[in-house]
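Values quoted throughout were computed directly from the atomic coordinates according to the rules given, and no laboratory measurement underlies them. Because the structure is predicted, anything quoted here is derived from the model rather than measured. Here Cβ is always computed from backbone atoms with ideal geometry, including for glycine, and neighbour counts include all displayed protein chains.
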Amino acid sequence: MVPDGTGLRMLTGLLGQGAISITVGGWYPLEQAGEALARAREGTHGAAVVIRTAAQDGPHTSPGTAPGRGPLADPGDGRPR
C-alpha cells in the first residue's frame, strides 16, 4: 500500500456527498486497540474496524445523521463498541 493523498481526498469527498458508504464491523475504545487490530487481521469481510478516543461517546456517523445510517453505518452485529 502506498499513501495517495489525491485518492484519499477524492474518497472523502464522495463519502461526504453520500455517494459511497462504509460498513463498520466493530467499534473499539482506544484501550482495546489490540483487540481491534486482532479483529481486523482475522478479517471483517470488507467492513471497517474503528478505534474511538475517550472523547467520542459511541458509534458516530456524519454530522446530522442518526447512528446506523450514513457513511459510517453500524450494522448492529454485537461486536464491541
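In this structure, the amide hydrogen of Tyr28, modeled 1.01 Å from its nitrogen in the peptide plane, lies closer than 5 angstrom to those of Val50, Ile51, Arg52, counting only residues at least 5 positions away or on a different chain.
Once the Cβ-Cβ distance of Leu30 and Leu8 is raised to the sixth power relative to R0 = 25 Å, the FRET efficiency obtained is 0.65.
In this structure the amide hydrogen of Thr23, modeled in the peptide plane, comes within under 5 Å of the amide hydrogens of Ala48, none closer than 5 places in sequence on its chain.
Taking label points 7 Å from Cα along the Cα-to-Cβ direction, Arg41 and Thr23 give a separation of 2.4 nm.
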